[in-house]
Amino acid sequence: MSILENINYSLTGNLQGRKWVFVHGMMGYLNNWHRIVTSLGPDECCLCYDQRGHGKSFKPLTGYAPEDYALDLKSLTDALGWDRFILVGHSMGGRNVTVFASIYPEKVEKLIVEDIGPEISATAGDYYHKLLDSVPTPFASREQARDFFKNDFASKFETKEPPAVLAAFLYANLSEKEGLWDWKFSKEGILETVRVGRSQDRWQEVKSLSVPTLWIRGQKSNELTSEVFQKILSLNPMIQGVEIAGAGHWIHSEKPFEFSQALKNFVGGF
C-alpha cells in the first residue's frame, strides 16, 4: 500500500502557490490547523495530515520514533512531488519536524517549531498513561462523553495545562465506532510515541539545524520552560524565538491571530 493510501491528508489553497506543511501534536489530527491555514489566505498551498497512529491514517502496532514519523513526511511529500516547503510542527509534531529538518534539510525552506523542547522527560510516559487511563473510553454516546469532559475530567486527572483546554482537545479526539465513541488515535501508538520520543534528547539536532528556524513558546507553557527556550535560542544562530503572551501549550488554538502573525512575520511575502 502506498503512502498516499496510508496517510489521511488534505491540500488547501492555491496548488501552485508557496508550499506549507503542518504537523499536529500528539493525539491531534489534521483539522487542528484549520484556523491557521485559513488565516494564511487563498494564495498559499497548505498540506495538513494525520500522522501515523492518529486520526484516519494507518495505525501500525509499532514504529513510533521521531525518525519513523520523519520518514512518513519524506515519503508523503515525495509522493506529492513537493521538493521544498515551509514546515510547521506543534509539540510532538515539533520534535518530529526538528528531526526531519536535521535529516532532510534540503527539503525545508523554513522551519517553525511550536512549544516543545529537545530534552529528555523521564515522567512523560507516566503522565500520558495516567491521562489516558483517566478517561473511561469507549463512551456509550457523544452526550456521555461531553458530560464526562464537562463535569468529571478535572477531578479525575491533574493536568499540566488548563483542564478546560485539555478537555476540549481530548473531546474533539473522539469518533463513533460501531455505535460507541472512542479515540481517533491508537492508544498503544501514543504511549510508544512518548516512551521512545522522550527517551533521548534532541539537542544535537537543534545544534545542527541549517535552515532558518522560528521557535515559538507560549508564555504560560508548562511544556517548554523559559530556561530551555533560552538555551535553544543560544545554541544556533539559525534559530530565532517568539514568546506569545498569555498562551499555554496550544498556542495556535489559544492565540490563533498572534500565532499566525508570528508565522507571517517570519516567512514574509504577505
Tell me whether region 188-206 contains one or more residues that are farther than 23 Å from residue 54 by Cβ, in a strand (DSSP E or B) and under 19 Å from the mean Cα position of the chain (by Cα).
no
Give 41, 81, 13, 28 a once-over and let me know the one that is of a type outside the set (Lys, Arg), over 22 Å from residue 239 (Cα atoms), in contact with a strand residue (DSSP E or B) (Cβ under 8 Å, 6 or more places away or on another chain) and surrounded by fewer than 17 Cβ atoms within 10 Å (Cβ to Cβ).
41
Going through region 222-253 in order, the residues found to be out of contact with any strand residue (DSSP E or B) (no Cβ under 7 Å at 6 or more places or on another chain), of a type outside the set (Phe, Trp, Tyr) and more than 22 Å from residue 207 (Cβ to Cβ) are 222, 245, 246, 253
Residue by residue through region 13-69, note down the ones that are assigned to a loop (DSSP other than H, G, I, E, B) and among the β-branched types (Val, Ile, Thr).
62
Answer yes or no: is there a residue in region 162-170 that is among the aromatic types (Phe, Trp, Tyr), more than 16 Å from residue 91 (Cα to Cα) and out of contact with any helix residue (DSSP H, G or I) (no Cβ under 7 Å at 6 or more places or on another chain).
no
Residue 29 touching a residue at least 40 places away in the same chain (Cβ under 8 Å) and either over 20 Å from residue 175 (Cα atoms) or assigned by TED's automatic domain parsing to the domain that holds residue 171 (or both):
no
Which listed residue is on the phi > 0 side of the Ramachandran plot and not aliphatic (A, V, I, L, M), from 115, 78, 72
115
Are any residues in region 147-159 surrounded by fewer than 15 Cβ atoms within 10 Å (Cβ to Cβ) and either free of Cβ contacts under 8 Å to residues at least 12 places away in the same chain or in a loop (DSSP other than H, G, I, E, B) (or both), and if so, which ones?
147, 151, 152, 155, 158
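The values are calculated or read from the model by the stated rules, or taken from the named source; none is laboratory data. Here the structure is a predicted model, which is why all the values come from computation and not from measurement. FYI the Cβ positions are ideal-geometry reconstructions off the backbone, even for glycines, and counts take in every protein chain you see.
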